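Undergrad: Take this structure first; my questions come after.
The values are calculated or read from the model by the stated rules, or taken from the named source; none is laboratory data. None of the values given here were measured: they were computed from a predicted structure. Neighbour counts run over all protein chains shown; Cβ positions are idealised from the backbone, glycine included. SASA here: full protein model, heavy atoms, side chains in, ligands and nucleic acids out. Shrake-Rupley method; radii C 1.70, N 1.55, O 1.52, S 1.80 Å.
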Amino acid sequence: MGLREKNNDDKNNKDKNKKDKNNENIYREKNKKNNNEIMNKEKPGKRIKNKDSKNKEKRNKAKNKNSKVKFPSSIILIISILISILLGYILYQQENKINNESEMSYTELITKIEENNVEKVELTVDSTNATVKIKDDEKDKKVSLPDTSAFMELIQIKIQNGNSIELIQKENSIIIKTLKTLITFLPTLILISLIFYLVKMQGFGGKGKIFDAETQETITKFDDVAGLDEEKQEMIEIVNFLKKPEKFHEMGAKVPRGVLLCGNPGTGKTLIAKAIAGEADVPFISMSGSEFIEMFAGLGASRVRSLFEKARKIAPCIIFIDEIDAIGSRRTSSSGAETENNQTLNQLLVEMDGFDTEETIIVLAATNRPEMLDKALLRPGRFDRQITIALPDLNGREAILNIHAKGKKFSEDVNLRSIAEDTAGFTGAELANILNESAIIATIKEQQFITNQDIEDAVKKVTVGIEKTSRVVSDKDKKLTAFHEAGHAVVSSFLETQKDIKEVSIIPRGVAGGYTMYKTNEDKFYISKTEMEEKLIALLGGRVAEKLALNDISTGASNDIEVATAIAKDMVTKYGMSEKIGPVSIDLEKDPYQMQLFGDDFGDRIGEEVKFILDKAYRNAQTILVGNMDKLTNVAKVLLQKEVISASEFEQIMSFEG
């Protein structure tokens, strides 16, 4: 359901606004001095339109300001490094240039000096190399001196003793001096550039691009969101405020500061936030909570301030903070990283409480764990509304499938309603993934259309994992898997809440060696104690079947036991379904000392009750299979032959006598 419809009153107002605009142009040509008076005498609708145009100009100026050409510090750093490498290479070439000279060892030079065969020695200041002219030799020799001062003393002594050696000392060329000076300062320049680059990256640079926040003119509309009808109606008020804030101000209504979206991953929190921005036609600034926290202390608070400064420049706009629990968790008295989180949260509280009443800035935030957020953040005046995004129901799933089915080629027998009925508990993201995977499967098979089988394979791929047909499984493991899965299926068929078997397979998928798939054709908002008890019986049916049929047990039931233990524990400590323990709720994460209220042995009593529930489920599964060993054996035999059993085939096996 979109917001594109307009009533007749809106059309009439639009015509009036056009006439007013024409009159305004005439007045401007006649007398420019009266322009402000004419604008003040215009209708409220006209003022809103002019204010909108001013806001657009304001946003464009902010964007143009942000889009100015800047010289990034990273480029300065790279250029500095390249210059240092180039200068070092040039200096190396100058120092080691041979100039067609032959090299001579230092020992040989000393010998020549003693023999009075050296005509001239040429030295360069601050250099260990010397150029030597030997008598009766046209080519100069180059010698590396180990100790320049000792060599100078030797030459002076020889000259005093009557040796005719011409000693010449030359200064370095201007190029060499310049290169050495630059190389001296280059490490400092590189260090400064590196520090500037790190600080810029962390958030102390120009405002607007400090955190790489993505400001975009979104095109997502409410028509692109399905399965959230009530939530969309709640958001329409936000859209109306962003479009016509004066209408609410005249009534005395204040700006809704923030809206908190809570829900499981994949339910559409980010999507509905983008749809609000798209419907209101305002910029959408999106950031993640983790982007506020970096390695430098105090940067989180600085980024929060810069984010809201940026929003004020392009207002009206929407700020969307995803996973806000990364910075909005409860404040503690700890030191270190916790102190940084506290400072960031404090700055966020100040900014959200310090809006000007005329500013049309709305903060949307999303989290999967609202219970972790600080109470000061959740109070009215900051996050005025908290909206829980629940899993879509049957009609919602069908609507979501219809949206994501656009552009895909389905065969005529594909019924999206039936897919929606078979995917209870799926999120919108999972439904989109299923249709996408089915399209990929159909493409790989080189089919012209997506079939029901492709969709079924996609559901299995998403929920269970990739089918591993190439894996080599021994006969012993295959037999064990067959009886294990047959145990789940046979036990479930005798349980009222677990009897809807969809498929049984011993083909490995994901981490599972086999699976028993149940039909999920009913939306459940509550789970009864009976259903949870029968779920435990079905889970332990695989382990019981291994023991009865093979007189042995394996690690294949590890996940079943893990899930069963978690359910039994929740029944006792979360849902109050134990008659001995009573209706109590234990959450040691919130209060580690909670069990001390009930006595020292309360933990032991909880453990005994959980053990009792699991043992009872195991005995019930054992009773069912002992009385139906023939059915267990038949199902296992068919699984060994066919590897996969459908719902209809399973019913035929179970109805077969003898």
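Residue-by-condition table, conditions (1) free of Cβ contacts under 8 Å to residues at least 40 places away in the same chain; (2) surrounded by 14 or more Cβ atoms within 10 Å (Cβ to Cβ):
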| site | (1), (2) |
| --- | --- |
| 628 | no, yes |
| 635 | no, yes |
| 638 | yes, yes |
| 656 | yes, no |
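Undergrad: Here's another thing I want to ask about it. Quick check on segment 154-173. Is at least one of its residues open to solvent by less than 70 Å² (accessible area, probe 1.4 Å), modelled with pLDDT of 80 or more and in a loop (DSSP other than H, G, I, E, B)?
TA: So far as segment 154-173 goes, no, none of its residues is open to solvent by less than 70 Å² (accessible area, probe 1.4 Å), modelled with pLDDT of 80 or more and in a loop (DSSP other than H, G, I, E, B).
Undergrad: Next up: I'd like to know if segment 624-635 contains one or more residues that are within 23 Å of residue 561 (Cβ to Cβ), at pLDDT 90 or above and small (Gly, Ala, Ser).
TA: Of the residues in segment 624-635, the ones within 23 Å of residue 561 (Cβ to Cβ) are 624-626, 628-629, 632, 635.
If we keep only those that are at pLDDT 90 or above too, we end up with 624-626, 628-629, 632, 635.
With small (Gly, Ala, Ser) added as a condition, the list becomes none.
Among the residues of segment 624-635, not one is within 23 Å of residue 561 (Cβ to Cβ), at pLDDT 90 or above and small (Gly, Ala, Ser), which makes the answer no.
Undergrad: Based on this model, can you work out whether residue 553 counts as open to solvent by 40 Å² or more (accessible area, probe 1.4 Å) and either aromatic (Phe, Trp, Tyr) or not in a helix (DSSP H, G or I) (or both)?
TA: yes
Undergrad: Let me ask something else. Are there any pairs with C-beta distances below 7 angstrom linking a residue in segment 134-149 that is in a loop (DSSP other than H, G, I, E, B) to a residue that is open to solvent by less than 50 Å² (accessible area, probe 1.4 Å) and aromatic (Phe, Trp, Tyr), with the two at least 6 apart or on different chains, and if so which?
TA: Hits for this filter: 145/151.
Okay, residues lined up against (1) small (Gly, Ala, Ser); (2) more than 30 Å from residue 430 (Cβ to Cβ); (3) open to solvent by 10 Å² or more (accessible area, probe 1.4 Å):
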residue: 266; (1), (2), (3): yes, no, yes
residue: 273; (1), (2), (3): yes, no, no
residue: 282; (1), (2), (3): no, yes, no
residue: 291; (1), (2), (3): no, no, yes
residue: 307; (1), (2), (3): no, yes, no
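Undergrad: Right, something else. Can you name the condition, by its number, that residue 374 falls short on among (1) buried (at least 16 other Cβ atoms within 10 Å of the Cβ); (2) at pLDDT below 90; (3) more than 25 Å from residue 270 (Cα to Cα); (4) among the acidic types (Asp, Glu)?
TA: Here residue 374 meets the rest and fails (3).
Undergrad: Among the candidates 500, 523, which residue alone is among the acidic types (Asp, Glu), surrounded by fewer than 18 Cβ atoms within 10 Å (Cβ to Cβ) and in contact with a helix residue (DSSP H, G or I) (Cβ under 7 Å, 6 or more places away or on another chain)?
TA: Numbers: 500 fails: in contact with a helix residue (DSSP H, G or I) (Cβ under 7 Å, 6 or more places away or on another chain).
The match here is 523.
Undergrad: Right, something else. Show the residue pairs meeting these rules: Cβ distance below 8 Å; 6+ apart or different chains; first residue within segment 369-394 and in a loop (DSSP other than H, G, I, E, B); second residue at pLDDT 85 or above and charged (D, E, K, R).
TA: Correct list of pairs: 369/325.
Undergrad: Now a separate question. Quick check on segment 451-467. Is at least one of its residues over 30 Å from the mean Cα position of the chain (by Cα) and of a type outside the set (S, T, N, Q)? Before the answer, list the steps.
TA: Here is the first cut: in segment 451-467, the ones over 30 Å from the mean Cα position of the chain (by Cα) are 451-453.
Subsequent filtering for residues that are of a type outside the set (S, T, N, Q) retains none.
Checking segment 451-467: not a single residue is over 30 Å from the mean Cα position of the chain (by Cα) and of a type outside the set (S, T, N, Q).
Undergrad: Just name the residue that is farthest from residue 519 (Cα to Cα) out of those in segment 404-421 that are within 30 Å of the chain's Cα centre (by Cα) and open to solvent by 40 Å² or more (accessible area, probe 1.4 Å). Explain how you work it out, then say what you get.
TA: Restricting attention to segment 404-421, the residues satisfying the condition of being within 30 Å of the chain's Cα centre (by Cα) are 404-408, 419-420.
From what's left, open to solvent by 40 Å² or more (accessible area, probe 1.4 Å): 404, 406-408.
Details: 404: 23, 406: 26, 407: 28, 408: 26 Å.
Top of the filtered list is 407.
Undergrad: If you don't mind, there's one more thing I want to ask. Which of the residues belonging to segment 114-139 are surrounded by fewer than 17 Cβ atoms within 10 Å (Cβ to Cβ) and more than 16 Å from residue 170 (Cα to Cα)?
TA: Passing the criteria: 114, 115, 116, 117, 119, 135, 136, 137, 138, 139.
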